[in-house]
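Single-structure report; data block below.
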Amino acid sequence: KQEVTQIPAALSVPEGENLVLNCSFTDSAIYNLQWFRQDPGKGLTSLLLIQSSQREQTSGRLNASLDKSSGRSTLYIAASQPGDSATYLCAVTPHSGYSTLTFGKGTMLLVSP
Amino acid sequence: EPEVTQTPSHQVTQMGQEVILRCVPISNHLYFYWYRQILGQKVEFLVSFYNNEISEKSEIFDDQFSVERPDGSNFTLKIRSTKLEDSAMYFCASTGRAADTQYFGPGTRLTVL
């Protein structure tokens, strides 16, 4: 059974810092990996999707990398801002099936001004 | 920009009552999902739906749960006899292609008393 773990569980940084969030998964037979953002009491917003054949994906100040063989992904946030404060979730899609997502518990990020 | 909508935003019910949670997926999407998130825990997959039938379901999705797409726009989750442990945030998601980016609704917070 696929297990997804995210480290750290919480992170507090001052505005302007670059930071890295980590995600690991136990079964490397994935189709893709997605990073989501969740604001308190709200839904999930997709940030980046990396296909299993890709090594990284970028969107603005966000860069996600994937090392499928070692079961790891990182989300790099450059020049953090207070508006980046949220919980960041990592989720993997199995190589077979209808794209059901298995989620990690998330990293709660607080960026202080 | 098209978005997934869910109603109600908050539902309070008594144990043993039936509840129906409603979702309107993005109009040209073909794959539909329900997930739930118990407070403080991971987002968990419940069921996926494609071509008017369930394509996958988790162990959580037992006989008390059912899904339906009653018309061309709505997608519903019914819980026949609610239990205290059904209290959670329920998210609907949709995507146009299998294993593509999933778009989530804002969620329905279900409270079972």
Exercise. By counting other Cβ atoms within 10 Å of each Cβ, how are A:Asp27, B:Asp63 ranked from fewest to most?
Worked result: B:Asp63, A:Asp27
Exercise. Where the centre of each part is set by its Cα atoms, how far does the range B:82-113 sit from the range A:58-75, in angstrom?
Worked result: 26 Å
For this session: Would you kindly enumerate the cysteines in the protein assembly as shown that have no other Cys beta-carbon under 4.7 Å from their beta-carbon?
Result: none
For this session: Select from B:Thr101, B:Pro2, B:Ser27 the residue farthest towards the positive end of the dipole of chain B; place +1 on Cβ of Lys and Arg, -1 on Cβ of Asp and Glu, and compute about the Cα centre.
Result: B:Pro2
Exercise. What does the highest-first list of B:65-71, A:105-111 look like by mean Cβ count within 10 Å?
Worked result: A:105-111, B:65-71
Exercise. What is the order of B:Ser58, B:Ser94, A:Ser112, fewest Cβ neighbours within 10 Å to most?
Worked result: A:Ser112, B:Ser58, B:Ser94
Exercise. Hey, got the average number of other protein chain Cβ atoms within 10 angstrom for residues in B:44-52?
Worked result: 2
For this session: Within a 10 angstrom radius of each residue's Cβ in A:29-39, how many Cβ atoms of other chains show up on average? Whole number is fine.
Result: 2
Seminar exercise, completed: Extension length gain for B:Lys83 and B:Glu53 (0.36 nm per residue less Cα distance), in nm, is 8.2 nm
Seminar exercise, completed: One finds the C-alpha centres of the range B:1-25 and the range A:2-38 to be spaced, in Å, by 29 Å
Problem set entry | Spin-label zone in the range A:79-113 - amide nitrogen under 16 Å from a point set 7 Å from the Cα of A:Tyr31 along the C-beta vector | A:91-103
Exercise. Out of B:Phe75, B:Phe61, B:Phe32, any idea which swings most in a Gaussian network model of chain B, alpha carbons joined below 10 Å?
Worked result: B:Phe61
Problem set entry | Burial ordering of A:Ile7, B:Ile26, fewest other beta-carbon atoms within 10 Å first | A:Ile7, B:Ile26
For this session: Quick one: among A:Ser73, A:Ser12, A:Ser28, which has the greatest mean-square fluctuation in a GNM of chain A with alpha-carbon springs under 10 angstrom?
Result: A:Ser12
Exercise. For the range B:36-48, what does the Karplus curve 6.51 cos²θ - 1.76 cosθ + 1.60, with θ = phi - 60°, yield as ³J(HN,Hα) per residue in whole Hz, taken in order and with x for Gly and Pro?
Worked result: 9, 9, 6, 3, x, 10, 6, 6, 10, 6, 10, 7, 10
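Bear in mind these aren't lab numbers, they're just calculated from the coordinates by the rules spelled out. Source: prediction; values computed, not measured. Positions of Cβ are generated from backbone atoms using ideal geometry, with glycine treated the same way; all protein chains shown enter the neighbour counts.
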